[in-house]
Amino acid sequence: MLKYPGRGPRYSRRDAVGVCPRLLSSCSAGAGVDRLGRLSMDRALLLGARGLRAFGFGFAAVLIGVHLERRGLSAGLIGLTVGLGLAAASLSGLASAGLAARVEQS
């Protein structure tokens, strides 16, 4: 357990960032939830923003596919284009998570 100045001895790094920085299996099951089972405002905002981002990302992939079809590309090229875009987004997310973990450790 890490100690932060002015926060008392029971303040951990998980409390500082709002979520457990390690795998979810090592986190307590009730992180971000109050006694009545309600989400904290920060957690609700984060979940809402992630939901909107996921919807926008999926909707953009559909719109790009429709646009490329109207431009005359074959189904195989459209699938390749959308697949490469999804792979690039996944890899950049993994790279960001790895960088965040390194910054957190230092």
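Computed 3J(HN,Hα) for the range 94-105, one whole-Hz value per residue from the Karplus formula 6.51 cos²θ - 1.76 cosθ + 1.60 where θ = phi - 60°, is 5, 5, 5, 5, x, 5, 5, 5, 5, 5, 5, 6, glycine and proline marked x. Cα convex hull, the range 50-105: 66 Å³ per residue, rounded to a whole number.
A full extension of the chain between residue 82 and residue 43 corresponds to an added length of 11.0 nm, given 0.36 nm per residue minus the alpha carbon distance.
None of the figures in this text is laboratory data; all of them are computed from the coordinates on show. All values reported here derive from a predicted model rather than from experimental measurement.
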